[in-house]
Protein chains: 2
Amino acid sequence: MVDPRRFPSLLAIRAFEAAARLGSFARAAQELDTTAASVSYHVRRLEEQIGVRLFARHPQRVELTEPGQLVAHEAINAFAALRASFIRAADVDETRLSLTTLPTLGTSWLTPKLGRFRAKHPEIALDLELSPDAQDLSTGHFDAAIRNGHGRWAGLRTTELLPSIFMPLCAPALKDAAAGIADPRHPLDVPLLGRSDWWALWYRTRGFDDVVLHGRFGTHLSAEYLDIAAAIAGHGIAIGSPILFRNEIESGRLVPAHDAVASDGRAFWFTFPIARQYSRKIASFREWLCDEASDDRDAARHYIRRTVIVEP
Amino acid sequence: MVDPRRFPSLLAIRAFEAAARLGSFARAAQELDTTAASVSYHVRRLEEQIGVRLFARHPQRVELTEPGQLVAHEAINAFAALRASFIRAADVDETRLSLTTLPTLGTSWLTPKLGRFRAKHPEIALDLELSPDAQDLSTGHFDAAIRNGHGRWAGLRTTELLPSIFMPLCAPALKDAAAGIADPRHPLDVPLLGRSDWWALWYRTRGFDDVVLHGRFGTHLSAEYLDIAAAIAGHGIAIGSPILFRNEIESGRLVPAHDAVASDGRAFWFTFPIARQYSRKIASFREWLCDEASDDRDAARHYIRRTVIVEP
DNA sequence: GGTCGACCATAAGTCTGCCTTATGCTGAGG
DNA sequence: CCTCAGCATAAGGCAGACTTATGGTCGACC
């Protein structure tokens with residue numbers, strides 16, 4: 001008599017399924033990496049729990065009863081279906097990579113390159129989420145992230161992509177007007193754009209601590225790439241990464257307003273939970289991403305070599 | 001990545017299935033009669049074991065991922081199929097009763113009554129096995145047994161059916177020739193048939209210990225009912241049960257050769273493993289069998305009242 | 001016939017994974 | 001602001017899972 005509220009012991013069902021499939025308690029024990037005594041015990045328990053004899057015992061073998069055959073058929077199918085579903089789930093999971101990254105890096109650096117990733121890995125669809133804040137990777141919403149920082153995050157595996165460096169950048173037409181930018185005491189005709197903390201650090205590399213930018217500072221938009229867009233439009237001198245805006249510099253739409261390069265010691269990192277270390281899609285994406293980053297580091301090696309790191 | 005040699009924890013699958021079906025860890029915990037912490041732990045374990053995120057976590061709810069939906073579908077089906085198979089197995093088991101019993105009781109007493117059992121319980125098919133030795137009920141070959149003895153068998157539940165009594169029985173034509181049977185010292189023209197131990201006990205009730213039957217004893221066939229058949233054919237006086245052979249006596253084919261009735265204190269018992277106590281078929285058969293036995297005890301009450309019990 | 005090995009069953013005792021308890025965090029709703 | 005619901009995680013206890021030892025029955029082989 002089956003009590004509808006109590007499901008039999010799953011371990012007992014497991015032992016029964018193996019014994020039924022293999023026709024032997026000894027062989028089931030082998031497959032389950034346990035002892036025949038354990039299998040015998042569990043089969044007996046299942047029989048007691050459902051109140052039906054599933055095996056007729058003979059001195060050196062067991063034989064399924066008619067009800068036993070019925071349960072065996074369903075149990076074998078159930079375990080096979082479950083096993084197949086795990087494999088299929090893993091395969092489905094491998095076809096879709098969800099990545100969270102910073103707005104500027106996503107917009108200006110990564111997105112233009114995705115054609116190449118898609119060409120190399122047509123089997124992987126990339127979902128990209130842009131966020132200025134680091135997303136929690138443990139909620140299961142994202143497979144991986146590209147973050148800015150020092151790369152020491154608990155439970156995560158990290159690979160450094162690019163150093164976080166910055167320098168004054170402006171439109172070519174503003175190059176002359178920006179000539180006096182290096183000395184904060186000299187008047188400047190064009191406003192400074194972008195993160196004030198980065199400007200402060202940049203002036204610190206020039207020997208000016210505690211610079212007050214009241215007369216010079218214009219505005220900082222919500223993301224670095226917007227500041228750069230304003231600079232390209234001729235609204236001022238922005239502070240930004242010569243690596244992330246490599247394309248704009250190479251096309252001549254953006255020029256360095258000064259040769260000094262600064263950094264706060266941070267970098268951009270590709271990161272994912274350690275538990276996902278066997279994910280093929282993450283490995284593929286990581287490999288491709290590291291190649292792209294390596295190319296860009298090479299192209300920016302003269303900027304990187306000049307970089308002065310200042311602790312914030 | 002699914003390791004083909006390691007199947008995930010079944011308890012983890014169970015917790016996941018409930019959470020997926022109910023859309024909530026808290027409700028799954030309720031159904032499984034455990035805590036949400038336990039469900040959370042097991043779902044996390046399953047995710048780690050197969051390397052795939054199955055749930056995306058939100059602050060107060062969870063949501064199945066695409067791979068999670070896939071596994072959930074299979075898991076829900078698997079558990080439902082298993083549960084249905086237990087119920088079906090129990091039902092199938094209820095349609096077939098396998099009984100082991102003694103040759104004479106099975107042939108002469110039970111078989112003639114089976115038409116009535118079949119009429120009362122057409123849904124139960126009875127498999128009857130006759131054996132002079134008590135069969136082991138723990139091997140799963142039989143559901144129940146009718147045995148002779150004192151009814152004290154470990155692990156078995158017993159119900160007394162009939163007392164094991166015996167008296168001299170012969171064909172009506174031999175009644176006169178059997179007149180001097182009670183005194184072993186008188187010559188007898190016809191041989192005694194049947195179990196010599198029973199004859200010895202019967203003479204003990206008559207005050208004759210250690211009787212030697214050299215001149216009187218004929219033969220004992222392999223079962224009591226065969227001895228009785230020989231008696232009916234006129235070959236001698238058999239010792240047997242007036243209850244088991246009630247039909248032959250009532251039809252006049254067999255008569256008591258003497259009025260004394262003896263017993264060794266044994267009885268016939270219906271018996272089954274305690275583990276089967278909830279079996280409906282066993283309960284139905286037992287109820288019917290007790291009614292039949294009760295009728296026969298009533299019909300034989302004058303024999304039973306006269307019985308003298310002798311310890312063997 | 002005797003011996004050995006295979007393969008069941010069961011009892012007693014060990015141990016480890018399951019589960020509980022305690023605690024913490026985030027929203028939603030009042 | 002406070003309370004509640006419903007997730008997550010850490011620490012520790014303990015009961016069920018499992019092992020070891022032992023026993024019984026065959027069948028094969030010598």
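The values are calculated or read from the model by the stated rules, or taken from the named source; none is laboratory data. Bear in mind that the values here come from a model prediction, so they are computed numbers and not experimental data. Neighbour counts run over all protein chains shown; Cβ positions are idealised from the backbone, glycine included. Accessible surface areas use protein heavy atoms only, side chains included; no ligands, DNA or RNA. Shrake-Rupley method; radii C 1.70, N 1.55, O 1.52, S 1.80 Å.
Some notes on this structure:
- Helices (runs of 4 or more DSSP H) wholly inside the range A:192-255 that include at least 1 residues being open to solvent by less than 10 Å² (accessible area, probe 1.4 Å) and either farther than 18 Å from A:Ser108 by Cα or free of Cβ contacts under 8 Å to residues at least 60 places away in the same chain (or both): A:196-205, A:224-232
- Taken together, the residues in the range A:132-156 that are in a strand (DSSP E or B) and within 14 Å of chain B (Cβ to nearest Cβ) amount to 1.
- Residue identified as within 7 Å of another protein chain (Cβ to nearest Cβ), without any contact (Cβ under 8 Å) to a residue 60 or more places away in the chain and of a type outside the set (A, V, I, L, M) among A:Ser38, A:Ser85: A:Ser85
- Among residues of the range A:282-311, those that are within 23 Å of A:Ala154 (Cβ to Cβ) and open to solvent by less than 20 Å² (accessible area, probe 1.4 Å), counted: 3
- So B:Leu46, is it more than 7 Å from chain A (Cβ to nearest Cβ) and either in contact (Cβ under 8 Å) with a residue 60 or more places away in the chain or away from DNA strand C (no atom under 16 Å from the Cβ) (or both): no
- On inspection, A:Tyr278 qualifies as part of a loop (DSSP other than H, G, I, E, B) and within 29 Å of the chain's Cα centre (by Cα).
- The set of residues in the range B:139-153 that are polar (S, T, N, Q) and free of Cβ contacts under 8 Å to residues at least 40 places away in the same chain contains only B:Thr139.
- Filter pass, B:Leu162 being closer than 20 Å to B:Asp295 by Cβ, surrounded by 17 or more Cβ atoms within 10 Å (Cβ to Cβ), at pLDDT 90 or above and more than 14 Å from chain A (Cβ to nearest Cβ): yes
- Leading residue by the ranking (modelled with the lowest pLDDT) among those in the range A:1-23 that are open to solvent by 30 Å² or more (accessible area, probe 1.4 Å) and within 12 Å of DNA strand C (Cβ to nearest atom): A:Phe7
Okay, residues lined up against (1) touching a Gly at 6+ places or on another chain (Cβ under 7 Å); (2) open to solvent by 10 Å² or more (accessible area, probe 1.4 Å):
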| position | (1), (2) |
| --- | --- |
| A:Phe25 | no, yes |
| A:Ala28 | no, no |
| A:Ser40 | no, yes |
| A:Val43 | no, no |
| A:Phe55 | yes, no |
| A:Glu66 | no, yes |
| A:Ala72 | no, no |
| A:Ile76 | no, yes |
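- Segments classed as strands (runs of 3 or more DSSP E), wholly inside the range B:29-102, with at least 3 members that are away from DNA strand D (no atom under 16 Å from the Cβ) and under 30 Å from B:Ile146 (Cβ atoms): B:96-101
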